[in-house]
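The values are calculated or read from the model by the stated rules, or taken from the named source; none is laboratory data. Predicted, not measured: the structure shown is a model, and the values here were computed from it. So basically every Cβ, Gly included, is an ideal-geometry build from the backbone, and we count neighbours across all protein chains shown.
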There are 2 protein chains.
Amino acid sequence: MAERSEDPRKDAMEELKNFGRDILKNIKDKEPPRMKIPSRSTSNIVYDEDKRFYSLAGKKTTRTAANMRQVKKFAQTLCAADFCKDLIEAGKSATLREMYYTSEGWPTGGFSSQDRSDRVVEDIESAFELKREDLGLLPEEDGASIFGDLIVREGDMEVEATEAGRAGYTIPPTMSDVEFVECGAERVLAVETMGMYHRLVQEEAWDTYNSLIVALKGQPARATRRFLKRANNDLGLPVYLFTDGDPFGFHIAMVVISGSAKLAYINHELAVPDAKFIGVTASDIEEYKLPTDPLRDSDIKRLKQLLDDPRYSDEEWQKEIEKMLKIKKKAEQQAFSKYGLEYVVEEYLPTKLGLN
Amino acid sequence: MAERSEDPRKDAMEELKNFGRDILKNIKDKEPPRMKIPSRSTSNIVYDEDKRFYSLAGKKTTRTAANMRQVKKFAQTLCAADFCKDLIEAGKSATLREMYYTSEGWPTGGFSSQDRSDRVVEDIESAFELKREDLGLLPEEDGASIFGDLIVREGDMEVEATEAGRAGYTIPPTMSDVEFVECGAERVLAVETMGMYHRLVQEEAWDTYNSLIVALKGQPARATRRFLKRANNDLGLPVYLFTDGDPFGFHIAMVVISGSAKLAYINHELAVPDAKFIGVTASDIEEYKLPTDPLRDSDIKRLKQLLDDPRYSDEEWQKEIEKMLKIKKKAEQQAFSKYGLEYVVEEYLPTKLGLN
């Protein structure tokens, strides 16, 4: 692995060039061209107690042009690396879907399905410890909406996150190209739904609590998780997560905190182990007498799985999951409007944030 | 119906006050309080050949406090109207979900499900020819992302749609609060996916073709459709629709053009009958030799339904649907990247827009 600079795209270019040089050297040395790729199979994914997120253990596989069953995939991996090199050189990006269609014009021929071309991208990401965004590949999903005291730069565009409309500044899919220029906020308050986001913007919670309001929009996109990671790391802001009080809400929070197993090879760039879940908890449901829905069978099953999941092993999570299983009820974050639209801003959140 | 001003929120307030006055008059006259609501049942929804969208025919039902089976719903309708009046007075908005939870505190008691509170909102919308956005109720969904030569005002915030980040200016859920300040673009180019949106922004198609690039993000939100309607009406811009070449893509385009049956009571504010579908068509699939997927059985069934749908009765649609059924193939808008990422911008779109 080459040394890393401040510019992830430049680092990606360096890695890709080294990859090319290695292959050339193999050929000159009359050895079969080959590469090592960390295994992403379940047996190689471990929960790292120290880092507090999922990461890959040491198992690697070798892909080589000397193996008839691997040679096409090996060549496609080279073509994909070449495609990414062209993107970086041109300062462009492409969706995974576009790469899949573009591959139809490669000398190797295209992939039989997008799953396969996506996996080759993951191979390159994990082999060289790069993010696809730095390779010029953009995820399809929208990033979060942000409102609050933050100025960012994208290329030669400077954007104030309180001046981009009430729907907020939208994180582009490629967070690598976003530079933090100035931030006056003291914390990040990330919420699950756009409904809650609009409530907090409207009640000026971003101002009252000097917070960046971030709408996760359900399970957060990679760009959103990268934003939260960088807000925590680069800006030193504490991150608070406010989701629905149900298994999916817990999952959304935990994906931010500890990353997902599927993305174990990249969690060190995404996970925010110090992010704090501030509800809705089962205790909140009782304490605030919230309107609830009964747990479904699938909710109960999911909650029981969470009890055995190492990411939820701390006492607080265990207690709240047990309690939810006991009361057999769940509640949404908008349920606080039982007490008026402002209640969540004036009572619940300041209590949870310790600002009362 | 009262005369309409330039300010939809003011109009909504006037209608709600008149509603209150009518009820008071009923009571003073010792008549049972009542209201008339246009029927939204299938039998009252008609495709208007002249207007070129679905609208409601004349059938109305009466809701009255004199009927034991209706009295609770009548009272809840009054409470909902009162809730909206408070929102407008406070200059606020709330999600339908928030209103549903708030209703738990009403003297009538809450609704047994959000479906029911949503329907009461639709009753008020159709009875007084108002949009829920003007009543202060905001849809949960995000609006479209926009990039191009447009300046809007939201309250005291002025936003340039080329200066809000590369992910663009996001339409807020309440388009009623958005004022068009300046527009130098000559047309609207609305595309189905964020992937295509990012391609067009990156290739500077908004500049080359002097267009507002609008990402519909699948089936467009109400705010997006309202934006397209106003861009067409108020700014006089032609609207072009570029979707995937499959039944869902056709549906997305047609919902913009002719509105949906479900929203027949409000289509006059949303439908853009002059919007032009510019593909992907079955003819494009053949002409451009696009990568395709085979039609599924559900696609074939859906296409056959479209053949009988009055909105698709014109010759061009009929020909393209027949052809797709014949070739049994569909293609996505990103499939043009088979010929390189720029192809769609440099070849396909200018041809379709008649700019070659």
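Quick notes on this one:
- Subset of the range A:36-80 that is of a type in the set (Val, Ile, Thr) and in a strand (DSSP E or B) - its residue that is nearest to A:Tyr312 (Cα to Cα): A:Val46
Residue-wise test of (1) assigned by TED's automatic domain parsing to the domain that holds A:Gln333; (2) at pLDDT 95 or above; (3) among the basic types (Lys, Arg); (4) buried (at least 18 other Cβ atoms within 10 Å of the Cβ).
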{"residue": "A:Gly155", "(1), (2), (3), (4)": "yes, no, no, no"}
{"residue": "A:Glu160", "(1), (2), (3), (4)": "yes, yes, no, no"}
{"residue": "A:Pro172", "(1), (2), (3), (4)": "yes, no, no, yes"}
{"residue": "A:Glu182", "(1), (2), (3), (4)": "yes, yes, no, no"}
{"residue": "A:Ala190", "(1), (2), (3), (4)": "yes, yes, no, yes"}
{"residue": "A:Thr193", "(1), (2), (3), (4)": "yes, no, no, yes"}
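- Within the range A:88-116, residues that are at negative phi and within 7 Å of another protein chain (Cβ to nearest Cβ) have Cβ atoms under 7 Å from residues that are surrounded by fewer than 22 Cβ atoms within 10 Å (Cβ to Cβ) and among the basic types (Lys, Arg) in these pairs: A:Tyr101/B:Lys338; A:Thr102/B:Lys338; A:Glu104/B:Lys338; A:Gly105/B:Lys338, counting only partners at least 6 apart in sequence or on another chain.
- Search result, residues across the range B:145-164 that are in a loop (DSSP other than H, G, I, E, B), more than 19 Å from B:Thr208 (Cα to Cα) and either charged (D, E, K, R) or at the interface with another protein chain (Cβ under 7 Å from one of its Cβ atoms) (or both): B:Asp156, B:Ala164
- On inspection, B:Ser93 fails the criterion of being more than 23 Å from B:Gly155 (Cα to Cα) and in the same structural domain as B:Leu24 (by TED's automatic domain parsing).
- Positions within the range B:187-196 being in contact (Cβ under 8 Å) with a residue 60 or more places away in the chain and within 12 Å of chain A (Cβ to nearest Cβ), in sequence order: B:Glu192, B:Thr193, B:Gly195, B:Met196
- Pairs where the first residue, in the range B:252-279, is free of Cβ contacts under 8 Å to residues at least 40 places away in the same chain and the second is assigned to a loop (DSSP other than H, G, I, E, B), C-beta under 6 Å, 6+ apart: B:Ala253/B:Thr243
- Scope the range A:81-93; condition surrounded by 21 or more Cβ atoms within 10 Å (Cβ to Cβ) and either touching a Cys at 6+ places or on another chain (Cβ under 9 Å) or assigned to a loop (DSSP other than H, G, I, E, B) (or both); matching residues: A:Ser93
- The set of residues from the range B:227-243 being surrounded by fewer than 23 Cβ atoms within 10 Å (Cβ to Cβ) and either within 14 Å of chain A (Cβ to nearest Cβ) or of a type in the set (Ser, Thr, Tyr) (or both) comprises just one member, B:Tyr240.
- Residues that are within 16 Å of B:Val188 (Cβ to Cβ) and either of a type in the set (Asp, Glu) or buried (at least 24 other Cβ atoms within 10 Å of the Cβ) (or both) within the range B:256-269 comprise just one, B:Val256.
Let's see how each residue does on (1) touching a helix residue (DSSP H, G or I) at 6+ places or on another chain (Cβ under 6 Å); (2) β-branched (Val, Ile, Thr); (3) buried (at least 22 other Cβ atoms within 10 Å of the Cβ); (4) at pLDDT 95 or above:
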residue	(1), (2), (3), (4)
B:Pro247	yes, no, yes, yes
B:Pro294	no, no, no, yes
B:Val345	yes, yes, no, yes
B:Gly354	no, no, no, no
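- Selected residue (only one of B:Lys326, B:Lys330 is farther than 27 Å from B:Tyr197 by Cβ and either touching a residue at least 40 places away in the same chain (Cβ under 8 Å) or basic (Lys, Arg) (or both)): B:Lys326
For (1) exposed (fewer than 13 other Cβ atoms within 10 Å of the Cβ); (2) basic (Lys, Arg); (3) in contact (Cβ under 8 Å) with a residue 12 or more places away in the chain, each residue gets a yes or a no:
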| site | (1), (2), (3) |
| --- | --- |
| B:Ser5 | yes, no, no |
| B:Pro8 | no, no, yes |
| B:Met13 | no, no, yes |
| B:Leu16 | no, no, yes |
| B:Phe19 | no, no, yes |
| B:Arg34 | no, yes, yes |
| B:Ile37 | no, no, yes |
| B:Ser43 | yes, no, yes |
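- Residue check for A:Cys79: out of contact with any Asp or Glu (no Cβ under 7 Å at 6 or more places or on another chain), free of Cβ contacts under 8 Å to residues at least 60 places away in the same chain and closer than 24 Å to B:Met196 by Cβ: yes
- Restricted to the range A:204-287, the set of helices (runs of 4 or more DSSP H) holding at least 3 residues that are of a type in the set (Val, Ile, Thr) comprises A:247-258.
- Test: residue in the range A:197-214 that is within 22 Å of B:Arg166 (Cβ to Cβ), touching a Lys or Arg at 6+ places or on another chain (Cβ under 6 Å) and either without any contact (Cβ under 8 Å) to a residue 40 or more places away in the chain or small (Gly, Ala, Ser) (or both): no
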